[in-house]
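First comes the structure, then the notes that go with it.
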Amino acid sequence: VILIDDDKDFLDAQVQALELAGFAVQAFLSSTEAMRHITREFDGVIVSDVRMPNMDGLSLFKHVHELDPELPVLLLTGHGDVPMAVQALKDGVYDFLIKPFSVAELIASLGRASQSRELVIENRNLRRLHAGQMNAKTALVGESMVMDSLRQTLSQVAEADVDVLITGESGTGKKTAAR
């Protein structure tokens with residue numbers, strides 16, 4: 001969990017509670033500092049206060065959403081602005097908690113968000129693995145312009161919903177092209 005709040009006492013208390021619940025927590029007092037640690041490969045959840053100096057939680061969410069729209073962001077606020085919360089949820093914020101909230105409420109939301117993130121990461125890894133296996137199966141030998149053109153054509157035809165007849169001499173790669 002990346003936890004961001006400009007109130008050091010609140011931040012320390014939440015870090016302690018989350019670590020006791022079994023979460024690994026990186027705490028930051030500012031969004032700009034936290035952004036240096038957030039990448040598309042980050043496999044956790046981001047929890048941020050809404051109202052902070054420099055970059056507020058909503059701006060942080062927009063940056064994170066551009067980086068990876070499937071990275072869960074939970075926003076916390078001490079100001080119960082219902083229209084802001086509704087809009088944030090519509091924009092893709094995973095959850096919105098109003099202070100004071102119970103630690104159990106935060107932990108439950110983090111648990112759901114963590115499971116969601118875990119599935120996204122697993123899905124991405126499986127797609128990469130599958131793509132690597134498909135590339136290995138369909139590897140056509142040769143580096144000429146003709147072979148590059150053939151690979152591009154096969155890729156385009158594979159995306160189309162059409163029937164294809166492949167003809168040629170025995171041993172020319174018809175089965176590989178069909179795969």
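The values are calculated or read from the model by the stated rules, or taken from the named source; none is laboratory data. Bear in mind that the values here come from a model prediction, so they are computed numbers and not experimental data. All Cβ positions, even for glycine, are placed from backbone atoms using ideal geometry, and neighbour counts span all protein chains on display. The protein model used for the area step is the full one, side chains on, heavy atoms only, and it has no ligands, DNA or RNA in it. Shrake-Rupley method; radii C 1.70, N 1.55, O 1.52, S 1.80 Å.
Here are some notes:
- Within the stretch 78-92, the set of residues being open to solvent by 60 Å² or more (accessible area, probe 1.4 Å) and closer than 17 Å to Ser48 by Cβ comprises His79, Gln87, Leu89, Asp91.
- The stretch 154-179, residues that are in contact with a Ser or Thr (Cβ under 9 Å, 6 or more places away or on another chain) and open to solvent by 100 Å² or more (accessible area, probe 1.4 Å): Arg179
- Residue tally, condition over 22 Å from Lys8 (Cα atoms) and at pLDDT 95 or above, over the stretch 71-91: 2
- Inside the stretch 8-20, residues that are open to solvent by 70 Å² or more (accessible area, probe 1.4 Å) and under 17 Å from Pro53 (Cβ atoms) make up a count of 2.
- Hits in the stretch 74-92 (condition: farther than 18 Å from Ser102 by Cβ, over 17 Å from the mean Cα position of the chain (by Cα) and outside any helix (DSSP H, G or I)): His79, Asp81
- Taken together, the criteria place Ser116 among residues that are open to solvent by less than 80 Å² (accessible area, probe 1.4 Å) and polar (S, T, N, Q).
- Those residues of the stretch 93-106 which are part of a helix (DSSP H, G or I) and either within 11 Å of the chain's Cα centre (by Cα) or surrounded by fewer than 16 Cβ atoms within 10 Å (Cβ to Cβ) (or both), in sequence order: Val103, Ala104, Glu105
- Out of Val93, Val157, one residue alone is of a type in the set (A, V, I, L, M, F, W, C) and out of contact with any strand residue (DSSP E or B) (no Cβ under 7 Å at 6 or more places or on another chain). It is Val157.
- Close Cβ contacts (under 7 Å, 6 or more residues apart or on different chains) running from residues in the stretch 151-179 that are farther than 15 Å from Leu140 by Cβ to residues that are open to solvent by less than 90 Å² (accessible area, probe 1.4 Å) comprise Val164/Val157.
- Among the conditions (1) open to solvent by 70 Å² or more (accessible area, probe 1.4 Å); (2) at pLDDT 85 or above, the only one that Arg128 does not satisfy is (2).
To keep it simple, each residue is scored yes or no on (1) touching a strand residue (DSSP E or B) at 6+ places or on another chain (Cβ under 8 Å); (2) touching a residue at least 24 places away in the same chain (Cβ under 8 Å); (3) open to solvent by less than 60 Å² (accessible area, probe 1.4 Å).
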{"position": "Ala27", "(1), (2), (3)": "yes, yes, yes"}
{"position": "Thr39", "(1), (2), (3)": "no, yes, no"}
{"position": "Asp43", "(1), (2), (3)": "no, yes, no"}
{"position": "Ser48", "(1), (2), (3)": "yes, yes, yes"}
{"position": "Ser59", "(1), (2), (3)": "no, yes, yes"}
{"position": "His65", "(1), (2), (3)": "yes, yes, no"}
{"position": "Asp68", "(1), (2), (3)": "no, yes, yes"}
{"position": "Val73", "(1), (2), (3)": "yes, yes, yes"}
{"position": "Leu76", "(1), (2), (3)": "yes, yes, yes"}
